[in-house]
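Trainee: First the structure, which I've put down as structure tokens, then a few questions once you've had a look.
The values are calculated or read from the model by the stated rules, or taken from the named source; none is laboratory data. No experiment lies behind these values; they were computed from the predicted model shown. No Cβ is skipped: glycine too gets one built from the backbone with ideal geometry, and neighbour counts run over all protein chains shown.
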Amino acid sequence: MIGDILREKKELLGSESEPEILTLTEGNGFVSQSSRFEKRVATEDTSKYKVVRRYDVAFNPYLLWAGAIAMNFSYSRAIISPVYPTFEVINGVHPGYANMLLTSMPIKKLFDQISFGSIPRRRRASVQDFLSLPLPPLPPLEEQVRISNLLNLSKSRLTNNRLLNSSLDLWGEALFSSTVAQHDAVQLIPLGKLGDISTGKTPPTSDSDNFGSDIPFVTPGDLTSGRQVGRYLSLQGKAFSRTAPKGSSLVCCIGTVGKVGIVREECAFNQQINAVKWGESVHPIYGYYAMRAKSEAMRRSATSTTIPILNKTSFKKLLIPILPYHLQMNFVRKIEKSHALRERLTLRSNLSSELYESVQYRAFRGHL
């Protein structure tokens, strides 16, 4: 069980000097609070904040079901909110191997089973239940190192492909900014007047029949270029959820606020995400880059709570720079020239992801 590889720790900062303050995200693990929010969110008195040292682990008890767990690889010493349970890796366990177990799909499914509550964003997981989750037999330390290195190699290939794909999005963002800047015909229009906006919904996870292979189910972690959707719903689950048609923009408004994706095929999505089904005045590709251009504004507008939230009213009031449709099409035609390269990179990313998950799956079961 997880208690065989992790031990809970409750080291508080106390009167020591304040190090970097971290926040815990679902998709990117630990990140600096100052870089995430561009302002101080923590209380002035951080003496009761928890210390996390290199290779320590923490999770968000309200979002563990969504994968909000991470190991600290980047900071020798930092602090996090006291709401997060923290753990240290037990002697004889390789940190990389422990991280592989904690982020594997079989364990993530178990996280959902120990999260309880009627409000989706407040489903809490306890430390006791977390430490009691089963794990496969622990191999010798040398074998743990070998498996960890093999997984790191697979993951580095996946990361490189995603970085290349992300660079195309950055080029698209730069092209969008320059296109908008050079035309006087641009109008700033509230998002709510440009299309239909809907908030996603997760079907009851207590009923396994809601999940299957009929329609992709998008969560914030899937709003990354070149990444395959991790879960699918059955037709029954689709009826409980909400769907977005091809061409819609998906925007995370709870947690990793400002993360944006475009719908390639009809999909369902969870309650952290708002979907924008664009009206006739906005081309979907133009709309997607317009929303990416507003990512920082969305993050700044989010409420400063433990979990950042951009409410729907504020979301609808976002001012979007809109060009006449023929000028949007000039932009879209330039973007589409990069699509062939993007498709190749997406295919490589998907294959690399499948390889990583296969290696991780086999390692989890002791088959490597």
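Trainee: Being among the hydrophobic types (A, V, I, L, M, F, W, C), more than 22 Å from LYS201 (Cα to Cα), at pLDDT 90 or above and within 19 Å of the chain's Cα centre (by Cα), is that true of even one residue in region 289-311?
Mentor: There is at least one residue in region 289-311 that is among the hydrophobic types (A, V, I, L, M, F, W, C), more than 22 Å from LYS201 (Cα to Cα), at pLDDT 90 or above and within 19 Å of the chain's Cα centre (by Cα).
Trainee: For region 119-132, what are the residues that are under 25 Å from GLN271 (Cβ atoms) and assigned to a loop (DSSP other than H, G, I, E, B)?
Mentor: ILE119, ARG123, SER126, listed by residue number.
Trainee: Taking only region 175-199 into account, find how many residues are of a type in the set (Gly, Ala, Ser), touching a Leu at 6+ places or on another chain (Cβ under 8 Å) and surrounded by 13 or more Cβ atoms within 10 Å (Cβ to Cβ).
Mentor: 0
Trainee: Looking at region 240-255, which of its residues are within 16 Å of the chain's Cα centre (by Cα) and in a loop (DSSP other than H, G, I, E, B)?
Mentor: Within region 240-255, CYS253, GLY255 qualify.
Trainee: For region 285-300, which residues satisfy the criterion of being crowded, with 19+ Cβ neighbours inside 10 Å and without any contact (Cβ under 8 Å) to a residue 40 or more places away in the chain?
Mentor: Within region 285-300, TYR288, LYS294 qualify.
Trainee: Something else about it: In region 243-270, which residues are surrounded by fewer than 17 Cβ atoms within 10 Å (Cβ to Cβ) and either touching a residue at least 40 places away in the same chain (Cβ under 8 Å) or polar (S, T, N, Q) (or both)?
Mentor: Hits for region 243-270 are GLU265, GLU266.
Trainee: Further question: List every residue pair whose Cβ atoms sit under 9 Å apart, with the two residues 6 or more apart in sequence or on different chains, where the first one lies in region 182-209 and is under 21 Å from PHE269 (Cα atoms) and the second, anywhere, is in a loop (DSSP other than H, G, I, E, B) and aliphatic (A, V, I, L, M).
Mentor: So the pair list comes out as LEU191/LEU318; GLY192/LEU318; LEU194/VAL282; GLY195/VAL282.
Trainee: Further question on the same structure: Identify, from the list TYR75, TYR97, the residue that is surrounded by 19 or more Cβ atoms within 10 Å (Cβ to Cβ) and among the hydroxyl-bearing types (Ser, Thr, Tyr).
Mentor: After applying the criteria, what remains is TYR97.
Trainee: Considering only residues that are polar (S, T, N, Q) and either without any contact (Cβ under 8 Å) to a residue 24 or more places away in the chain or farther than 16 Å from SER166 by Cα (or both), which ones fall in region 320-351?
Mentor: If the condition is that a residue be polar (S, T, N, Q) and either without any contact (Cβ under 8 Å) to a residue 24 or more places away in the chain or farther than 16 Å from SER166 by Cα (or both), then GLN328, ASN330 are the ones that fit.
Trainee: If you don't mind, another one. May I ask you to verify whether ALA70 is under 20 Å from the mean Cα position of the chain (by Cα) and over 20 Å from ASN152 (Cα atoms)?
Mentor: no
Trainee: Name the one entry in GLY200, GLY237, GLY258, GLY221 that is over 20 Å from SER353 (Cβ atoms), within 13 Å of the chain's Cα centre (by Cα) and not aliphatic (A, V, I, L, M).
Mentor: Going through GLY200, GLY237, GLY258, GLY221 in turn, the sole match is GLY258.
Trainee: Can I ask one more? Looking at region 330-349, is at least one residue of a type in the set (Val, Ile, Thr), closer than 27 Å to VAL31 by Cβ and buried (at least 18 other Cβ atoms within 10 Å of the Cβ)?
Mentor: Scanning region 330-349, I find at least one residue that is of a type in the set (Val, Ile, Thr), closer than 27 Å to VAL31 by Cβ and buried (at least 18 other Cβ atoms within 10 Å of the Cβ), so the answer is yes.
Trainee: Can you spot a residue in region 48-56 that is over 30 Å from ASN270 (Cα atoms) and either loosely packed, with under 13 Cβ neighbours inside 10 Å or without any contact (Cβ under 8 Å) to a residue 12 or more places away in the chain (or both)?
Mentor: Looking through region 48-56, at least one residue is over 30 Å from ASN270 (Cα atoms) and either loosely packed, with under 13 Cβ neighbours inside 10 Å or without any contact (Cβ under 8 Å) to a residue 12 or more places away in the chain (or both).
Trainee: When the residues of region 21-45 are filtered to those that are at pLDDT 80 or above and surrounded by 17 or more Cβ atoms within 10 Å (Cβ to Cβ), which remaining residue is farthest from MET100 (Cα to Cα)?
Mentor: The residue in question is ILE21.
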